[in-house]
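The values are calculated or read from the model by the stated rules, or taken from the named source; none is laboratory data. Remember, predicted model here, so these are calculated numbers, not experimental data. Virtual Cβ from ideal backbone geometry, glycine too; neighbours counted across all protein chains shown.
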Amino acid sequence: MRQKIISLSLDTYELASKKANFSAWVRRKLMEEVKESEKEYGAYCSPCDMTFSNPYSSRMEKFLCPKCANMTESLGELE
C-alpha cells in the first residue's frame, strides 16, 4: 500500500473518526468514481431512427443527435 496524506477540517475529522476503517472507506469511494466514469449512456433520435451512445455525457437527460443535431431523450445507462 502507498500512503497519501489528506487534510481534514474539524467537522470532517469528526466524521472520519466515526468510520471503522476510514482508509478502506476512502478507497471504496474513489473506486465508485472510477466505475461511474466507465458507464456509457445513450439516446434515440426518432427522425434519424438512430440509437447512439455518449460516454462523455454521463447522467444527462438530453443529447444532441450527432447526425441531425435534434435534441433527443436519454435511454439511460446502456448495458
Conditions (1) at pLDDT below 65; (2) at negative phi; (3) surrounded by 11 or more Cβ atoms within 10 Å (Cβ to Cβ) -> Glu38 fails only (3)
Are any residues in the stretch 54-79 modelled with pLDDT of 70 or more and surrounded by 14 or more Cβ atoms within 10 Å (Cβ to Cβ), and if so, which ones?
-> Phe63, Leu64, Cys65, Thr72
